[in-house]
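Student: Structure in structure tokens, see below.
The values are calculated or read from the model by the stated rules, or taken from the named source; none is laboratory data. Everything numeric in this text was worked out from a predicted model, so none of it was measured. With ideal geometry, Cβ positions are generated from the backbone for all residues, glycine too; neighbour counts draw on all protein chains shown.
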Amino acid sequence: MSTTPTLLLYDTMSGSKRPLEPIEPGHIGLYLCGPTVYDLSHVGHARSAICADTVVRFLREQGLRVTFVRNVTDIDDKIIKRAQVEGISAGEVAAKYTAAYHEDLDSLGCLRPDVEPRVTGTIPEIVALIETLIARGLAYESGGDVYFRVAAFSTYGALSKRSLDDMQAGARVEVSELKENPLDFALWKAAKPGEPAWPSPWGPGRPGWHIECSAMSKVHLGETFDLHAGGRDLIFPHHENEIAQSQGACGHGTFARHWMHNGFVDFAGEKMSKSLGNFFTIREVTALYPPEAVRWFLIGVHYRSGLNFDVEVPCPACARPLDTEAQQGSACPECGAALDRDRLRAHIRFPGLEEADERVAYVYDTLARSPRSGRV
Ligand SMILES: [Zn+2]
Ligand SMILES: [Zn+2]
């Protein structure tokens, strides 16, 4: 049996660095919330995937066996909408963008997970979990939907450090006569006419978003597992809801023993977002810079910190630096070229990635010149 090295890792639940102590010596079970496959993935998705990939590689390097589970949300409102727009089925949308996600992460050097469960392949386990929650008084059926009864789970808010009272006060008053409480969230959604649906004890429908991760992690890692990772934006409500579902259903103990959340990715702040959009797909960025430079840049900052991409926007015709706020839909003050959003985005410069590219080249150069490379 391999001995487990002591690895101190910040844990969101306790708010402190704690040793990552595996349940089973020498083995780490890691769950990462994966993509909802309705569109191309953006750089924020790349960051959470690369953070997890770095941890997996490091743990394996330390001699640990890692079971890395990352789900694919392959049925969801956004996928159904996209299917209507593209004139194909929801299943075709999911297959197309799952393949694109794999291509993008492969290009960034991310290892594939050991298990990649899909919602549509996990329906019986999801239905069984919802039935358990209903039997335990933690969920209720209403008009063909099923909701989690948040007020019945006493430690709701523990991960995000929110009290139920604060959440109640801050909750938008939703027009839903189906819910007992505005904070209650859907575990099962009744199908509207024409939507993909699966049979259930509550009628045809599909799972809500949060329940899938509770069902999939239980199937592949057990009721309690070592490490749960994801972007900070998932702490509330997604991960809070996963805890409520999983701990509520098993009635004891801990869901994930360690929580790891990576920071946001931002593109040059507010100014950029107003004119050119505060979001770039992985493909847009890797079309301009080598994927290794992108990876270097994304892991060059502490994983919990926010990461800001500086952006420079030159005129596509004369290269004059443009003020991002002024130019959209206007003409270049230098050469008079018409400026549109797509053209500007295609010529954008990321100085941080240029610097990262130089650093990667420097590493390769140093390696090539080292005596161990055999070239000197
Ligand atoms: Zn999840
Ligand atoms: Zn110009």
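Student: Going residue by residue through the stretch 137-146, is there one that turns out to be under 24 Å from the mean Cα position of the chain (by Cα) and surrounded by 18 or more Cβ atoms within 10 Å (Cβ to Cβ)?
Tutor: no
Student: Quickly run through the stretch 291-309 and pick out the residues that are in a helix (DSSP H, G or I) and within 18 Å of the chain's Cα centre (by Cα).
Tutor: V294, R295, L298, I299, listed by residue number.
Student: Could I ask something else about it? Do any strands (runs of 3 or more DSSP E) lying entirely in the stretch 187-290 carry at least 3 residues that are charged (D, E, K, R) and in contact with a helix residue (DSSP H, G or I) (Cβ under 6 Å, 6 or more places away or on another chain), and which ones are they?
Tutor: Per the criteria, no element qualifies.
Student: Let me ask you something else. Which residues, taken from the stretch 262-286, are over 19 Å from W296 (Cα atoms) and at pLDDT 95 or above?
Tutor: Hits for the stretch 262-286: nothing passes.
Student: Mind checking which pairs have a first residue in the stretch 28-56 that is in contact (Cβ under 8 Å) with a residue 24 or more places away in the chain and closer than 16 Å to G109 by Cα and a second that is part of a loop (DSSP other than H, G, I, E, B) and among the acidic types (D, E), Cβ under 7 Å, 6 or more apart or different chains?
Tutor: none
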